1. Out of the residues in the range 202-221 that are among the aromatic types (Phe, Trp, Tyr) and closer than 17 Å to VAL79 by Cα, state the one that is modelled with the lowest pLDDT.
2. Tell me, yes or no, whether the range 105-123 has at least one residue that is assigned to a helix (DSSP H, G or I) and in contact with an Asp or Glu (Cβ under 7 Å, 6 or more places away or on another chain).
3. Among the residues that make up the range 115-124, is at least one of them under 19 Å from the mean Cα position of the chain (by Cα), at pLDDT below 80, more than 20 Å from LEU184 (Cα to Cα) and of a type in the set (A, V, I, L, M, F, W, C)?
4. Given the conditions (1) at pLDDT below 80; (2) surrounded by 15 or more Cβ atoms within 10 Å (Cβ to Cβ), report the number of the one that PHE171 does not fulfil.
5. Confirm whether LEU165 is at pLDDT below 85 and in contact with a Ser or Thr (Cβ under 7 Å, 6 or more places away or on another chain).
6. In the range 52-71, what count of residues is obtained for those that are modelled with pLDDT under 85 and either closer than 15 Å to ILE105 by Cα or of a type outside the set (A, V, I, L, M) (or both)?
7. Which pairs have Cβ atoms under 9 Å, sit 6 or more apart or on different chains, and link a residue in the range 58-73 that is charged (D, E, K, R) to one that is surrounded by 11 or more Cβ atoms within 10 Å (Cβ to Cβ) and outside any helix (DSSP H, G or I)?
8. Looking at (1) at pLDDT below 85; (2) loosely packed, with under 15 Cβ neighbours inside 10 Å, find the lone condition where GLU243 falls short.
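The values are calculated or read from the model by the stated rules, or taken from the named source; none is laboratory data. The structure presented is a predicted model; accordingly, all values stated were derived computationally and were not measured. Please note: Cβ atoms are built from the backbone with ideal geometry, for glycine as well, and neighbour counts cover all protein chains shown.
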Amino acid sequence: MGKQDSILLQKNDSLIQENRLKKESLFSNHSLQPIHTTPIFNASKPSYWQGILLFVIFSVYVLIKVSEPKKIVKIFLSVFSLQEAKQLFREEFKLTKRMSILLGIGFILVVAFLVQITNHYFGLILHDYTPFKQYLFFIATVCIAYLIKFSANHILAFISSSSELGKEYLFNVVVFAQTIGVILFPFVVAMQFTRYPSEWFLYPALIICLGFYVLRLLRGFIISVAEQNIGIIYIFLYLCALEILPLLVLIKFLLINF
């Protein structure tokens, strides 16, 4: 065989090899088997607005922790201890304080994140809107909902001539909201940036929200029973008017109109 023939033979072999490589896929003829048959939902789509807002919330919580560490511990304890809650309520009840305002802002931003992720996961409303517009919408929704709750609380307290009960109930609502904002923050960060499925963090966060909501209803019932002049029926109507009914009306309104 001549030199030219060997060169042609080598070229033909290389061409045949290249054609085989092109035909054979890297993902065929292997022992790896797919674990999931359907796509896995993952809300971890980092973008600038999400990272900036989460950093702002984190900075707010760090500022609170550095400036008033003892007060933040008292707020956490008052959620799980009625005695601590009453003591903190007697010491100072001012929603206009810097720490209360910052914790309230953090709660609104965190809960709006959780609602936006939940809405995106289940595909409930606002399908044609971007995630950022949905987030702004839910911020406004949370603010309006709590504004209506506080207004209804003042009106009912004035009608029933139980202003102290109204103030204590409002204090517990604020304390629970501030605490759950801090607790939910790591879950929101994980859902936005983790490489694991978002379900691992979304469902526990929703269970925590439900647990805090039930605990807050129980706290409202306990502080209402402590008042000797208020009957059980009035307590039940009071809680329905402030908690259960507004929540159901809000959910139905959003699902129907958006």
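1. Applying the filter and picking the extreme gives PHE221.
2. The answer is no, given that none of the residues of the range 105-123 is assigned to a helix (DSSP H, G or I) and in contact with an Asp or Glu (Cβ under 7 Å, 6 or more places away or on another chain).
3. yes
4. So PHE171 meets the others, but not (1).
5. In short, yes.
6. Matching residues across the range 52-71 total 7.
7. Listed by first residue and then by second, the contacts come to nothing, as the list is empty.
8. Tallying (1) at pLDDT below 85; (2) loosely packed, with under 15 Cβ neighbours inside 10 Å, GLU243 fails exactly one: (2).
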